[in-house]
Each structure stands twice: as structure tokens, then as C-alpha cells.
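Below you'll find the structure, written out as C-alpha cells, and then a few comments.
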Amino acid sequence: MIKQARTTLTALPLVRACQLLGLARSDYYRAPVPPAPTDDLLNAVEAIVVAFPGYGYRRVTAQLQRDGWTVNHKRILRLLREGGLLCQQRRRWTHTTDSTHGLTTYPNLLPQCGWRTLTAPNQAWVAEIV
């Protein structure tokens, strides 16, 4: 509204134009509110996420930009969070112990030797002689 008035009231200073409109001078410099996401953008984001389930917000943003959308990665991240569409990575888990081997296993002999209950570190030491 102020910018429209500035084009018609070019002779007035900014302070006077804001006074006539009944607004603060800071309203002239305030950043515009970003528009709400359109249904077309939400449908495009959802189509990419369904087609490529491993894509995160960066790849979705890049794909949208290739498709001609002018979007920011932070906006896409927010939309994906709100829609519950963020990529959920599977946690990789590796077996570190093979308990089904055919080798002999030796019991823990410390409790059988009549030792008292261990309550602190460095009360029992174990060594292996090969």
C-alpha cells in the first residue's frame, strides 16, 4: 500500500506519506509476507517424494528447480516437515559378534574361584598365555 502511494505521491517525503496513511515508517521497510504454498506446489513436492522415496529436502528442491519452480530449500524443508514427508533413513546395523561359530567357548572362571563380588575397577586382572 505504501509503495503504491509512493508512486502517486512522489513529491512527499517518506515520513509525511506514512503519516498521511496512518502507518509507521518501519512498515515501508518491512519484508513482505511470503505467500502461502499453493496446492500445485504441494502436489509437485508430494509427487517427487512418492516417485523418489530416498530424496531429502535438498534433492526435492533441486528437482523442483529443474522443473521450473522458484523455491528455497528452507521452504521445502518446512513443507516436508509439516506434511510428514521427510525421508526416514534406515539405520544400518552390522553384526559384530558371530555367536554361532563352531569353536569351543570357555566359561568365566572368576566367580568359581571364590572371589568376592567385584565392586570397583582394577580388583581383578585377566591375562591370556598363548
request  = Please work out how much length the chain gains when fully extended from residue 90 to residue 12, using 0.36 nm per residue of separation minus the C-alpha to C-alpha distance, in nm with one decimal.
outcome  = 21.8 nm
note = Given the candidates 97, 57, 17, the one whose Cα lies deepest towards the positive end of the charge dipole of region 1-125, counting +1 at each Lys or Arg C-beta and -1 at each Asp or Glu C-beta, is 17
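Per DSSP helix of 4 or more residues, -39500 (n - 2.57); summed, then divided by the residues of the chain. What does that give at 222 nm, rounded to the nearest 500?
For the chain, the value works out to -11500 deg cm²/dmol.
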Environment charge of residue 42, counting only residues whose C-beta is closer than 15 Å and scoring Lys/Arg +1, Asp/Glu -1 = -2
ask   = So what is log10(I(q)/I(0)) for the chain at q = 0.11 1/Å, when the Debye sum runs over its Cα atoms only?
value = -0.72
request  = Output ³J(HN,Hα) for region 68-79: one whole-Hz value per residue in order, computed from phi by the Karplus curve 6.51 cos²θ - 1.76 cosθ + 1.60 with θ = phi - 60°, and x for Gly and Pro.
outcome  = x, 7, 9, 9, 9, 5, 5, 5, 5, 4, 5, 5
inquiry  = With just the Cα atoms defining each centre, how far is region 53-69 from region 73-126? Give it in Å.
reply    = 36 Å
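Readers should treat all values here as calculations from the given coordinates under stated rules, not as data from a laboratory. Values in this document were obtained by computation on a predicted structure and should not be read as measured data. Ideal geometry is used to build each Cβ from the backbone, glycine not excepted, and the neighbour counts take in all protein chains shown.
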